[in-house]
1. Strictly over 21 Å apart at the Cα level, which of K9/K109; K25/K130; K9/K115; K6/K109 would you flag in this model?
2. Could the peptides 158-166, 142-150, 96-104, 219-227 be put in order, highest first, of the mean number of other beta-carbon atoms found within 10 Å of their residues?
3. If R0 is 45 Å, what FRET efficiency do you get for V234 and V136 from their C-beta distance, rounded to 0.05?
4. Tell me, what ³J(HN,Hα) does each residue in region 85-100 have, in order and in whole Hz, if you take phi through Karplus 6.51 cos²θ - 1.76 cosθ + 1.60 with θ = phi - 60° and put x for Gly and Pro?
5. I need to check one value: relative contact order of region 4-44, counting alpha carbon pairs closer than 8 Å and at least 6 residues apart, in percent.
6. Among 23-29, 37-43, 109-115, how do they line up by average Cβ neighbours within 10 Å per residue, starting with the highest?
7. Would you mind ranking E90, E122 by Cβ crowding within 10 Å, fewest neighbours first?
8. What FRET efficiency, computed as 1/(1 + (r/R0)^6) with R0 = 25 Å and r the Cβ-Cβ distance, is obtained for K25 and R81, rounded to the nearest 0.05?
Amino acid sequence: MPDFTKFDKHAPQMIRDLMHDFGLKDWQAAAFVGNAAAESAYFTDIVEDGALAKGWKGGTGWFQWTGMGTRRGAFEAWLKRKGWTADSYEGNYSFLYRELAGLEGTEKKIVDQVKATDTMEEAVRLVCSKFLRPAVNNYGPRYAGATRALNLFRANPSAYSPTKWATDAKGGDPAPVATPATPPVVPLPDAPKPWYTSKTNITAYVSAAAGLLATWGLPLDEEARAALTTVIFVVTPVLVQIFRARVTEPIAGTKAAAEMEAARAAPDGP
């Protein structure tokens, strides 16, 4: 059975904050919370274990934001900027707010779409398929999480007031809040690294050199060997770079590096 301790503490508060910040009904807000419950085992599984087993970083946070050059990269850059951890309410809700408000370059339409739903089940499916977009749309656990969150909130709705952020008062940054650091956040580097220090690039060219050496015994004419050399030393590293760009540290000059810098320059929200 999952450990509901953290979820039961924070789920009703997230419903209240989503209602306050985006004008959602309580059951519409619960759709977001229920999806987070399914993604992170009720706020306890912060790092995507399946991805780690495959050798790449995968998703993190309550919503399992994924992609070093996209959502995960932006989430970790935001946490580092604020001093929060990937398992804190402040870090997770503030980044969800930023995505729903369009501050991270994401679509704001999901909020309007959820507002147009007539049932919690419909809202849960919409958040899953249109906002989180998992590989498998496993709706059952998401319905269960949303139902639990909604029942907790409705048991005593007056007990939950909207979170007061420092930005509500004078527009300053929210002060970092001490939260448990387990598991620790793996932050993005302070700056994109040079191409020649990338393990991905080094591996690609070493592999290409080894591949070329392996062809020396083949009966090839000069023109064929020149073509093969071009493929090995040019095409192979490019393919490796494309395949690994989203799961390694961004390299200077790449799209992932540009997205990382854009995330750090984004305006503040809660």
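Read-outs: derived from the displayed coordinates by stated rules, not from any lab. Computed from a predicted structure; not experimentally measured. Every residue, glycine among them, receives a Cβ derived from its backbone with ideal geometry; neighbour counts consider all protein chains shown.
1. K9/K109; K9/K115; K6/K109
2. 142-150, 96-104, 158-166, 219-227
3. E between V234 and V136, to the nearest 0.05, is 0.75.
4. 10, 5, 10, 8, 4, 4, x, 6, 5, 5, 6, 4, 4, 5, 5, 5
5. Relative CO of region 4-44 lands at 45 percent.
6. For the peptides 23-29, 37-43, 109-115, the packing ranking is 37-43, 23-29, 109-115.
7. E122, E90
8. Calculated transfer efficiency: 0.20.
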